[in-house]
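A.B. asks: Quick one: the structure is below, and I'll ask about it shortly.
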Amino acid sequence: MPYYYNNKQLTTLLCLANHVGQVQYVPALGYNEWRLVDTELHESLDESGCDVLQVRSTETQASVVGTDKDPYRQFLISFLQNPDRSGSYAIGPATYIQATLFFIEKFLPQDPVSASEESTSNGEESEDSYIDQDSWLSSDLTFHNDIWALQEPGITGCDTTTFLSLGYIFFFLPRSGKSQALLEHCQTQVFLTHYVIHEFPERTALVRRAMQEYLNRFGRESSSGDGEDCDAD
């Protein structure tokens, strides 16, 4: 377990496994395999063999989650959710910080530019330059047999990874403890790029609401120097 909590990617993996299918923002996938994060992480886990608990390999499709076909995952979740058994390895505010930071940092551009300064190549925004991905992908979210699932997008090119990542941020941030890094991201919002804001307006609004609530909870503490910071070393 220390191996997982010393690696932000693996900590994120545990947080996702702990909630998959339980809420619409962390849905089980009803097709192929569970793309927890993206292809890059998916391949790195395969190549390095670092997912020693085989969390990513557990059955996480909508047809399996919550049934007697995924006993290993159920056992793992019961361990993570029970501090009497898992102690410091229980899923909690510190682990949610790592998961939230992981997904926020996925959006950060190489050369940070505020979303308000971004524009199309000709300097003007085109009404036809994007499709509201929220509507396309949200329509594929289903709730059946107590499981939230995302079916395969019916349109080629739908940015499923961004859609899921924004949902993860919205879900994990309110559960996170105090973190100076998270406070800074909530204040600057640099990771919410022009593309994200315009293609995912509904989820962007949810993330912004969660960030404001986070600042309301911890912003004053940060400025006064009070409160315990849960940031990992």
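A.B. asks: So how do 76-89, 1-14 stack up, highest first, on mean other-Cβ count within 10 Å?
C.D. replies: Result, highest mean first: 1-14, 76-89.
A.B. asks: Which order results if Asp132, Asp159, Asp51 are arranged by neighbouring Cβ count within 10 Å, fewest first?
C.D. replies: With the sparsest Cβ surroundings first, the list reads Asp132, Asp159, Asp51.
A.B. asks: Let me ask something else. All other residues with a Cβ under 9 Å from the Cβ of Gln180 taken together, and with Lys, Arg as +1 and Asp, Glu as -1, what is their net charge? Mind dumping the intermediate values first?
C.D. replies: Details: positive: Lys178; negative: Glu184, Asp229, Asp231.
Value of the local net charge: -2.
A.B. asks: Then there's this: Taking the number of other C-beta atoms within 10 Å as the exposure measure, put Leu164, Leu141 in order starting with the fewest.
C.D. replies: Least to most surrounded, the residues fall as Leu141, Leu164.
A.B. asks: Return Asp146, Asp231 ranked ascending by Cβ neighbour count within 10 Å, so the fewest neighbours appear first.
C.D. replies: Numbers: Asp146 9, Asp231 15.
So the residues, fewest neighbours to most, are Asp146, Asp231.
Read the figures in this text as sums done on the coordinates, not as results from a lab. Keep in mind that what you see is a predicted model, and the values were worked out from it rather than measured. Note that we place each Cβ from the backbone using ideal geometry, even for glycine, and neighbour counts take in every protein chain shown.
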